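One structure is given here, and the rest of the page talks about it.
None of the figures in this text is laboratory data; all of them are computed from the coordinates on show. Computed from a predicted structure; not experimentally measured. In this analysis, Cβ positions are derived from the backbone assuming ideal geometry, glycine residues included, and neighbour counts consider all displayed protein chains.
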Amino acid sequence: MTGKVVVVTGATSGLGYESARILCEAGNDVILACRDEEKAKRAIAKIKQQTPNALATYIHLDLAELKSVRQFVEEFHALNKKLNVLINNAGVALNFRDTKRQYTEDNFDLTIGTNHLGPFLLTNLLLDDLKKAAQEENGDARIVVVTSSMHEPKASKKTKHLQPIDIDNLFLFNEGTYNGLQAYKNSKAANLLFTYELAKKLDGTGVKVNAICPGIVPGTELMRHAGGAQKPFARYVLHGMLRLAKLIKTVPQSATSICALAMDDKFKDVTGKFIKDGVETQSSEETLNEELQGKLWELSGRYTALEGYEPLEVVRPLPPPEPAAAPEDPNKTDEQKTAEESNEKDEKKNDEDATEIIKEGKKEAADVDKENKDELKKDEKEKNEEEEKTDKEKPADEKAEKIEEAAAV
């Protein structure tokens, strides 16, 4: 499947960039839908450095702003191009322990707004384009939704305390319900609920939609909004630990899986599925609830003011009152004071230890990057040697024809 028009969201770095690069290399016309114009220009320049004739275009898109989503669709339509594939890759993960919310321009929780409602609107506004492409002779139109295994609370001991997605509290505005991890888990569950419901609505149109978990990929910018030591921990320490356990994937490996779902004949007739490690996998129990799928779709249509749905405005909750500073306890004993000082020293020591671990993790990550680069160089060398060998084995008359063609040029 080459020569197709593909939109990739979040294509300036990580999985989005690598997917765009692979698709351009294969001869497709790729539109990088990104927030940052300068980063997009650098990404395109990098792609064209490797593939000089690459068809790569940038259109601004901020999924945290519904107005930007609509503007993107207008600009895309102005190009008068068809659309064969939409890859909903862009996403955000905030500090998992943080209980302080961040908001989109439309007053949505930033995580659910960016990871679900933005892609929901974008996809719906591009459905007619995809349907047209699917109805052409030998037509093939696909939607790929990048999700995560973290939609399943049972996936880890550290996430088993997470709650099911609550349609009546989608933004976790109710007191005591918000934290970054719960918001991220809900957004990834929403990706699957959306995928399954959309597959039903697209039945008979020829457009296929599937969700994919790319695996654990510490080298992406997903955690760019994380605070404290969480981002370097995820990128360096966690990277090292998971590498030793052989659980992580490199960016090229995961991007190749995404592109396969978008392009390979293997998935041409597959729709409404959750793909992991290249095969269909069952997602969490709550995501398979058809009633929940329908309710989330209806609510999402209202929040995004989709045509045919009654708009539902969102009002931010009032911030909680600042807690009063605790007065100094006049009855505090010397032993209690000494214990507090000891705890402060322990915390400082823990911070120092964490810094040291992060340094070691960075070195580990650098070693992995070097190994990957060495492997790529080796593969490229073997490929060149194979091409030279093939060229030497070609008949003399075929070589002569090539020389004549070159001379004509």
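With θ taken as phi - 60° and the Karplus curve 6.51 cos²θ - 1.76 cosθ + 1.60 applied, the whole-hertz 3J(HN,Hα) list for region 194-205 is 5, 4, 5, 5, 5, 4, 5, 5, 8, 4, x, 8 Hz, x standing for glycine and proline.
Can you give the extra length, in nm with one decimal, that the chain gains between K67 and E388 once fully stretched, where that is 0.36 nm per residue apart less the Cα-Cα distance? Let's see the in-between values first.
Numbers: separation 321, 0.36 × 321 = 115.56 nm, distance 5.30 nm.
Residue separation times 0.36 nm, minus the Cα-Cα distance, leaves 110.3 nm.
Near the amide H of K273, within less than 5 Å, lie the amide hydrogens of A211, all on another chain or at least 5 residues away, with H placed in the peptide plane.
If you count the DSSP beta bridges with both ends in region 1-110, what percent of them are antiparallel, to the nearest 5? Close to 5 percent. 3J(HN,Hα) couplings calculated from phi for region 8-20 with the Karplus curve 6.51 cos²θ - 1.76 cosθ + 1.60 (θ = phi - 60°) are, in sequence order, 10, 8, x, 9, 8, 7, x, 5, x, 5, 5, 5, 4 Hz; Gly and Pro show x.
Distance between the 7 Å Cα→Cβ label points at E310 and E105: 2.7 nm. Over 18 Å between Cα atoms, which of K131/K276; K81/K131; K67/K295; K46/K82 qualify? Cα-Cα > 18 Å for K131/K276; K67/K295; K46/K82; rest within.
Can you give the extra length, in nm with one decimal, that the chain gains between E322 and E291 once fully stretched, where that is 0.36 nm per residue apart less the Cα-Cα distance? Before the final figure, lay out the partial values.
Numbers: separation 31, 0.36 × 31 = 11.16 nm, distance 3.98 nm.
Taking 0.36 nm per residue and subtracting the Cα distance, the gain is 7.2 nm.
Principal semi-axes of the equivalent ellipsoid, √(5λ) from the alpha carbon gyration tensor of region 109-159, are 32, 16, 5 Å from largest down.
For T57, the residues whose modelled amide H falls within less than 5 Å of its own, excluding neighbours fewer than 5 places apart on the same chain, are V30, I31, L32.
At 0.36 nm per residue, minus the direct Cα-Cα distance, what do K131 and E74 gain on full extension? Give it in nm, one decimal, please.
Numbers: separation 57, 0.36 × 57 = 20.52 nm, distance 1.74 nm.
Fully extending the segment from K131 to E74 adds 18.8 nm.
Karplus-derived 3J(HN,Hα) values for region 36-47, using 6.51 cos²θ - 1.76 cosθ + 1.60 with θ = phi - 60°, are 9, 5, 5, 5, 5, 5, 5, 4, 5, 4, 5, 4 Hz; glycine and proline are entered as x.
Two numbers describe the Cα atoms of region 48-120: Rg and Dmax, which are 15.5, 47 Å.
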